[in-house]
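**Q** Quick one: the structure is below, and I'll ask about it shortly.
The values are calculated or read from the model by the stated rules, or taken from the named source; none is laboratory data. Keep in mind it's a predicted model, so treat the numbers as computed, not measured. With ideal geometry, Cβ positions are generated from the backbone for all residues, glycine too; neighbour counts draw on all protein chains shown.
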């Protein structure tokens, strides 16, 4: 019995090591050398299960990536019949989140369906839409859903009682690269809320307007589902790539960045593109695709 237990432990240990893609890990470590800030990366080949990680369990600000968890909370309420995806909402000026959002241009009393508000939140990363949906669903409700689904650290901080201190440190939301990938994988696998809700969320996440960073390094004919986040000191992106030789998911999150410019050559933005290109060609080594010459002028979304 004692030897059998030892054998099982050895097999478990071997399995853990076998799951790590040492070659890819080394490439990622080389790619982030010299970066002026903190960086966390988690990558998983969803076909083979192999992973590569750098600071994958370190806490980072989510910025707008937290909107994916707001979407999950919304879908959970819809699944339970407490809300409806096509129900009409009445916009009020008090909902305005100052910025350049589409929803923020609405007039007091205008109506819009939940489905369109959710699409604006994910596709355009509309902050007014996101704050409105978080208010309707409830930040505590969203965090409870995350907790019930096994997320240890990913949480909404803003407008949630008791999370003021962690909000001061991480802003709207907090997560790790690993947990961001886990959430995306649940949605991709039809396991977030329900298979039907996951399919709806995945379609929304495949219509991203902000495609000038990681997605710009993936051929336009390849389906992706993603969400981006950006603050002065933090740039991030999580993506599922439906690649020909097997889907893969990755999350790149940066923080305490020295370069805080909102430009296309921002150091973190360049790093995100670099890692995305590295992963595409690593998993699809025979691909000769690359961004077209002159495409930069069509990527100026700001």
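**Q** In the range 205-217, how many are touching a residue at least 60 places away in the same chain (Cβ under 8 Å) and touching a strand residue (DSSP E or B) at 6+ places or on another chain (Cβ under 6 Å)?
**A** Qualifying residue count, the range 205-217: 6.
**Q** Another question about this same structure. Give the residue that is surrounded by the most Cβ atoms within 10 Å (Cβ to Cβ), with candidates limited to residues of the range 146-167 that are outside any loop (DSSP other than H, G, I, E, B) and under 17 Å from the mean Cα position of the chain (by Cα).
**A** In this case the residue turns out to be 156.
**Q** Would you check which residues across the range 104-125 are more than 22 Å from residue 202 (Cα to Cα) and either under 22 Å from the mean Cα position of the chain (by Cα) or part of a helix (DSSP H, G or I) (or both) and list them?
**A** Of everything in the range 104-125, those that are more than 22 Å from residue 202 (Cα to Cα) and either under 22 Å from the mean Cα position of the chain (by Cα) or part of a helix (DSSP H, G or I) (or both) turn out to be 104, 105.
**Q** Additional query: Tell me, please, whether a residue that is in contact with a strand residue (DSSP E or B) (Cβ under 9 Å, 6 or more places away or on another chain), closer than 30 Å to residue 243 by Cα and either at pLDDT 95 or above or outside any strand (DSSP E or B) (or both) can be found in the range 85-101.
**A** No, because not a single residue in the range 85-101 is in contact with a strand residue (DSSP E or B) (Cβ under 9 Å, 6 or more places away or on another chain), closer than 30 Å to residue 243 by Cα and either at pLDDT 95 or above or outside any strand (DSSP E or B) (or both).
**Q** Looking at the structure I just gave you, is residue 67 part of a helix (DSSP H, G or I), touching a residue at least 40 places away in the same chain (Cβ under 8 Å), more than 16 Å from the chain's Cα centre (by Cα) and within 27 Å of residue 260 (Cα to Cα)?
**A** So residue 67 does not fit the description; no.
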